Amino acid sequence: MREVAIIGVGAHATGQFTEKALKDLAYTAIWNTLDDAGAEPSDINVAYVGNSLGGLLTGQEGVRGQVVLQHSGITGIPVINVENACASAATALRGAWLEVASGAADVALAVGVEKMFVGDSARTISALSAVSEVDLSEMGMQFTTSYAIHPKINLKGKMAEYGWTSADFAKPAVKNSFNGSLNPLAQHRRPLSIEQVVQSRIVVDPLTLFMCASISDGAAAAIVCPVEMAPRFTSKLPVRIASCVLRSGMYRLPDDGFTDSATVSAQAAYEEAGIGPDDLNAIELHDAMAPAELMLYERLGLCAPGEGPRLIDEGITTLSGRIPVNPSGGLCSRGHPVGATGLLQIAELVWQMRGEAGARQIEKRPKVTMAQNQGGLLLGQDSAVYGVTILKT
Amino acid sequence: MNILHPSSIFVPTDAKQTPCLLGARCDECATVVFPKMPVCPACQTNGSMREVQIGRTGKLFSHTIARFAPKGFVAPFFQVFVDLPEGPRIFALVGAECPVEAGVLEDGMDMRLVLEPLADTPENSDLLTYKYVPAGRPEQRTSGHA
Ligand SMILES: [Zn+2]
């Protein structure tokens, strides 16, 4: 396998962009990325386009990738449409990485794009439910429910098991809202207090409104090529992909003692990259519900079970800490346009590693970083998809 | 009345029968799953799964009250996971006889299966499904399968 570098990233801001279609959002992300990489449409050999809800929400069920790419002037090349729920963009990046690593292509484009504001939030929420197995969504199961009480996540149960409080649940939201307040691309730029998060409306007990990622439009992209080819395009610091892991959840039986899939996928990424959690300098992780960040700390190996709130209390995962987590603001603040999120995470890490993150720049430029993206829900599992990417300079 | 997931529910046809769920048990490793699957998820044997009646009772594993409802449902409503004595831990809704209030349900409590319309909405009021209620409550006639 060839060593692969990210030579360009770009994004469209997240938020509500009523007048913009899927292809308009993608156009901004794609051309920001081409310009960032110093590349032309004719340089791109192959493209992977991640999107989750476009079929249900925009009516564009087929060839979404070809539609958005043609709008950006990219035609004729192989285009692979990727749907993998909230991990569609991480999956698209893996496809692009594999094309280049295998030698099948020299320059590959990964795009993630989502249009969730369609003038009817009930329709958007129903579409979101449909990225889980329909047997569950037909019974009224929602993502918020699964984070609250699903046996393999069970944040409500963690309150009893670990003694976590509602204030603990609010801590990641508060930390990430501060980071997001410094990010001009972020959807929610108001710094929140513990009280504001705890006292916002209950969505699904014990999760409140400000603990949950909201509906968002957005797009992001990345261009990859072999490391040695990078200088042909750009003088910017090439960011190497040390590992790019994709896993599906596993059928789980009660108390089967199996390691959860978030842990399994992270361990696979560490192993492939030849590093451990202590080597990471920054992380973008999938905090679709803020308190899930506390659980992911332990599943990514950052702390022992139950110790998540301490990492925030001691400032370890804040912007000025030893391992800043979600410097972009994460899903709750930066925004979670589902099929774009994985590449929004990658773009943020590349900016941080190059020292281009502006007001939210991590002071000591990170050299080793991780993006963790997950999505979907099947009967008998926690999440359906896990994508973990480790980057190095 | 139509049935949501008819292959997963046994609907009584006479008064001597009681409703239950239809799961599958593996001949090779005895794992019980719900809903049914053709391949055992524990030992991956193909063709070893046989239909079994399960879930007449259960114990509440976890529960929450959803304050926002997706289309076709009415908030607030309980959403729960129930441990069935046969093995599976399943997602379920809670029967209408149980008031939707904090403190009404307690994890670990004994539950009993009822058949009811999915929700009291135009989309779902004519769709029969399984729900659970606290077992201590008096038997109620399950509606919709006359
Ligand atoms: Zn078996």
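The values are calculated or read from the model by the stated rules, or taken from the named source; none is laboratory data. What you are looking at is a predicted structure, and each value in this text was computed from that prediction instead of being measured. Please note: Cβ atoms are built from the backbone with ideal geometry, for glycine as well, and neighbour counts cover all protein chains shown. Only protein heavy atoms, including side chains, enter the accessible area calculation; ligands, DNA and RNA are left aside. Shrake-Rupley method; radii C 1.70, N 1.55, O 1.52, S 1.80 Å.
Some notes on this structure:
- In the stretch B:1-27, the qualifying residues are those that are under 16 Å from B:Glu86 (Cα atoms) and charged (D, E, K, R), and the one that is surrounded by the fewest Cβ atoms within 10 Å (Cβ to Cβ) is B:Asp27.
- Test for A:Gly274: is it modelled with pLDDT of 95 or more, touching a Gly at 6+ places or on another chain (Cβ under 7 Å) and more than 30 Å from B:Gln44 (Cα to Cα): no
- Selection count, the stretch B:71-83, where residues are crowded, with 20+ Cβ neighbours inside 10 Å and modelled with pLDDT under 95: 1
- Unmet requirement for B:Arg56, which otherwise passes all of (1) crowded, with 20+ Cβ neighbours inside 10 Å; (2) within 13 Å of the chain's Cα centre (by Cα): (1)
- The set of residues from the stretch A:130-147 being farther than 17 Å from A:Ala292 by Cβ, assigned to a helix (DSSP H, G or I) and at the interface with chain B (Cβ under 7 Å from one of its Cβ atoms) comprises A:Asp135, A:Leu136.
- Cβ-Cβ under 7 Å pairs, at least 6 apart or on other chains, the stretch A:157-174 side not assigned by TED's automatic domain parsing to the domain that holds A:Leu296, far side buried (at least 18 other Cβ atoms within 10 Å of the Cβ): none
- Residues in the stretch A:201-252 that are free of Cβ contacts under 8 Å to residues at least 12 places away in the same chain and in a loop (DSSP other than H, G, I, E, B): 2 in all.
- Test: residue in the stretch A:313-325 that is within 30 Å of A:Thr18 (Cα to Cα) and either in the same structural domain as A:Lys367 (by TED's automatic domain parsing) or among the basic types (Lys, Arg) (or both): no
Residues checked against (1) more than 22 Å from the chain's Cα centre (by Cα); (2) over 24 Å from A:Phe17 (Cβ atoms); (3) among the small types (Gly, Ala, Ser):
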site	(1), (2), (3)
A:Thr165	yes, yes, no
A:Pro172	no, yes, no
A:Asn179	no, no, no
A:Pro191	no, no, no
A:Ser214	no, no, yes
A:Pro231	yes, yes, no
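- Checklist (1) in contact with a Lys or Arg (Cβ under 8 Å, 6 or more places away or on another chain); (2) within 14 Å of another protein chain (Cβ to nearest Cβ); (3) within 26 Å of A:Gln16 (Cβ to Cβ) applied to A:Ser121, failing item: (1)
- Residues that are more than 16 Å from the ligand (Cβ to nearest atom), more than 11 Å from chain A (Cβ to nearest Cβ) and assigned to a loop (DSSP other than H, G, I, E, B), drawn from the stretch B:1-60: B:Met1, B:Val11, B:Pro12, B:Thr13, B:Asp14, B:Ala15, B:Lys16, B:Gln17, B:Thr18, B:Pro19, B:Gly55, B:Arg56
- Count of the stretch A:155-175 residues which are open to solvent by 20 Å² or more (accessible area, probe 1.4 Å) and not in a helix (DSSP H, G or I): 2
- A:Ala347 in contact (Cβ under 8 Å) with a residue 60 or more places away in the chain, assigned by TED's automatic domain parsing to the domain that holds A:Ser265 and touching a Cys at 6+ places or on another chain (Cβ under 8 Å): no
- Per-region count, the stretch B:61-95, residues over 25 Å from B:Gln17 (Cβ atoms), more than 9 Å from chain A (Cβ to nearest Cβ) and in contact (Cβ under 8 Å) with a residue 40 or more places away in the chain: 1
- Close pairs (7 angstrom Cβ cut-off, 6 or more residues apart or separate chains): at positive phi in the stretch A:320-343, in a strand (DSSP E or B) anywhere: A:Asn326/A:Glu284; A:Gly335/A:Thr14; A:Gly335/A:Gly15; A:Gly335/A:Gly218
- Considering the conditions (1) away from chain B (no Cβ under 14 Å); (2) part of a strand (DSSP E or B); (3) of a type outside the set (S, T, N, Q), A:Arg190 is excluded by exactly one of them, (2).
- A:Ser200 touching a helix residue (DSSP H, G or I) at 6+ places or on another chain (Cβ under 7 Å) and not assigned by TED's automatic domain parsing to the domain that holds A:Ile74: yes
- Complete set of residues in the stretch A:241-256 that are open to solvent by 70 Å² or more (accessible area, probe 1.4 Å) and not hydrophobic (A, V, I, L, M, F, W, C): A:Arg247, A:Ser248, A:Asp255
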